[in-house]
Amino acid sequence: MGIRIIGTGRCIPENILTNDDLEKMVDTSDEWIVTRTGIKVRHIADKDQTSSDMAAVAAKNALDNAGITADMIDLIVVSTVTPDYAFPSVSALVQKKIGARKCPCFDIEAACSGFLYALNTAYGMMASPLAYKRVLVIGAEKMTSLVNWEDRSTCVLFGDGSAAVVLENDGNPDTPDFYVAGEVAADGEVSDLLIVPGGGSAMPATVESVTGKFHTIKMGGPKTFQLAVTSMVTACRKVLEKSGVSPEEVVWAIPHQANRRIIDAVANKLGIPEKVYLNVDRYGNTSSASIGICLDELNREGKIKKGDLILAASFGAGLTWAALLIRW
Ligand code: COA
């Protein structure tokens, strides 16, 4: 069909929170965090820096990288679990901040799988009779706005950031699509494993909900770990099977950067440990920005060339999980 990724961008907040800093906040150690998660530092947004601020910077960088201007965008899709507001959407705020013409825009909430859900959705809308020509897909997260800084089992894991890609349909049937095969999945039976209980219609903000820290992340760590590995491996295998591509043909594997041990387990089960791109040590878990940040780093560092096959996989609250085989 001719739908390609023509540009990537990211926004990484300047402030850095190290494991040494966390040692001063909770009963933890650099040694524990590095051994159990692989995370060394994470970037933290300023108090007044919102998800849409980071999304707009990532979007502008992606537009520059693509060599196009915001008024050429036909649709904006943002994935986030940390919107600036319940409404309006982050995508509407981005449309205003980057000066895109009045194109449709909406947010997707599939937690850490959101970037791959958004790419699947955008591709579907471009390939459908809607026929959008240029689409901006963004993952933007201020995860630290949901962190309980007194809970050592979760506060060491997350960081902030945003990433964007520009998709374009060049209308040339001889141009291979970036989208080779995809898989999106969910299991709501385990929705309480990873949850922010407060702030929604189930528990609107009250003094009690705030003092009880119900507006922060609650997580069953070991069970999430286990499901993360099995779900990402299953999704990757399905995508490889659907596409008829062998693991050997994959040039880069980009797993969601939540925990180095999860990544290693997935890569070993798929038999492609040497193909894995890693930056969890520098950013921690940036939720739906994670895979896009990896893509932008690979792109800007010239580590991917035209035609390379990239296998991306993610999992997150819901539970949701997804995999996508991308042809660069
Ligand atoms: N520093 C020191 N000790 C810590 C700690 C920290 N930051 N966090 C937890 N511990 C302690 C626990 O209290 C527990 O102590 P105990 O044995 O005295 O009860 C011990 O370490 C082991 O805890 P456990 O939860 O079994 O550790 P783990 O090896 O499973 O690692 C996670 C914990 C959170 C790192 C791991 O379960 C994980 O990464 N899960 C997936 C999380 C994830 O990716 N979530 C996002 C999904 S998108």
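For the stretch 291-311, indicate whether the set of residues that are under 19 Å from the mean Cα position of the chain (by Cα), on the phi < 0 side of the Ramachandran plot and surrounded by fewer than 16 Cβ atoms within 10 Å (Cβ to Cβ) is non-empty. Yes. Pairing residues of the stretch 213-238 that are within 14 Å of P255 (Cβ to Cβ) with residues that are more than 11 Å from the ligand (Cβ to nearest atom) and among the basic types (K, R), at Cβ distances under 6 Å and at least 6 apart in sequence or on separate chains, gives V233/K269. Among the residues of the stretch 274-297, those that are in a helix (DSSP H, G or I), farther than 16 Å from K40 by Cβ and touching a strand residue (DSSP E or B) at 6+ places or on another chain (Cβ under 6 Å) comprise K275, S287, S288, A289, I291, G292, C294, L295, D296. Those residues that are over 16 Å from the mean Cα position of the chain (by Cα), under 30 Å from N120 (Cα atoms), in a loop (DSSP other than H, G, I, E, B) and at pLDDT 95 or above, I need them from the stretch 1-49; list them, please. Within the stretch 1-49, G38, I39, A45, Q49 qualify. One residue alone among I76, I68 is more than 16 Å from the ligand (Cβ to nearest atom), more than 20 Å from V280 (Cα to Cα), in contact (Cβ under 8 Å) with a residue 60 or more places away in the chain and not in a loop (DSSP other than H, G, I, E, B), and that residue is I76. Taking the conditions exactly as written (in contact (Cβ under 8 Å) with a residue 60 or more places away in the chain and closer than 25 Å to S113 by Cα), does A56 satisfy them or not? Here the answer is no, as A56 does not meet what is asked.
Of all residues in the stretch 153-177, those satisfying the criterion of being surrounded by fewer than 22 Cβ atoms within 10 Å (Cβ to Cβ) and either over 20 Å from E141 (Cα atoms) or of a type in the set (S, T, Y) (or both) are S153, T154, N169, D170, G171, N172, P173, D174, T175, P176, D177.
Would a scan of the stretch 135-149 turn up a residue that is among the acidic types (D, E), surrounded by fewer than 24 Cβ atoms within 10 Å (Cβ to Cβ), within 16 Å of the ligand (Cβ to nearest atom) and at pLDDT 95 or above? For the stretch 135-149, residues among the acidic types (D, E), surrounded by fewer than 24 Cβ atoms within 10 Å (Cβ to Cβ), within 16 Å of the ligand (Cβ to nearest atom) and at pLDDT 95 or above: absent.
Out of the residues in the stretch 244-273 meeting the condition of being within 16 Å of the ligand (Cβ to nearest atom), in a loop (DSSP other than H, G, I, E, B) and not aliphatic (A, V, I, L, M), tell me which one is nearest to S231 (Cα to Cα).
Looking at residues that are within 16 Å of the ligand (Cβ to nearest atom), in a loop (DSSP other than H, G, I, E, B) and not aliphatic (A, V, I, L, M), I get H256.
Among residues of the stretch 121-141 that are closer than 17 Å to K60 by Cα, those with a beta-carbon under 7 Å from a residue that is assigned to a helix (DSSP H, G or I) and of a type outside the set (G, A, S) at least six positions away or on a different chain give the pairs R134/M72; V135/M126; V137/L119; I138/V94; G139/F115; A140/M54; A140/V90.
Yes or no, residue by residue, for (1) among the basic types (K, R); (2) farther than 30 Å from D308 by Cα:
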position: G2; (1), (2): no, no
position: T8; (1), (2): no, no
position: N19; (1), (2): no, yes
position: D30; (1), (2): no, yes
position: H43; (1), (2): no, no
position: D48; (1), (2): no, yes
position: N61; (1), (2): no, no
position: I98; (1), (2): no, yes
position: K102; (1), (2): yes, yes
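Take the stretch 183-207 and flag every residue that is surrounded by fewer than 15 Cβ atoms within 10 Å (Cβ to Cβ) and in a loop (DSSP other than H, G, I, E, B). Of everything in the stretch 183-207, those that are surrounded by fewer than 15 Cβ atoms within 10 Å (Cβ to Cβ) and in a loop (DSSP other than H, G, I, E, B) turn out to be D187, G200, S201, A202, P204, A205, T206.
In the set Y117, Y85, which member is closer than 23 Å to S145 by Cβ and surrounded by fewer than 19 Cβ atoms within 10 Å (Cβ to Cβ)?
Exactly one residue qualifies, and that residue is Y85.
Tell me yes or no: at least one residue of the stretch 115-125 is touching a Cys at 6+ places or on another chain (Cβ under 6 Å), within 27 Å of G2 (Cα to Cα) and modelled with pLDDT of 95 or more. No: the stretch 115-125 contains no residue that is touching a Cys at 6+ places or on another chain (Cβ under 6 Å), within 27 Å of G2 (Cα to Cα) and modelled with pLDDT of 95 or more.
The values are calculated or read from the model by the stated rules, or taken from the named source; none is laboratory data. Small disclaimer: the values here were computed from a predicted structure and weren't measured. Cβ atoms come from the backbone with ideal geometry, glycine included; neighbour counts cover every protein chain shown.
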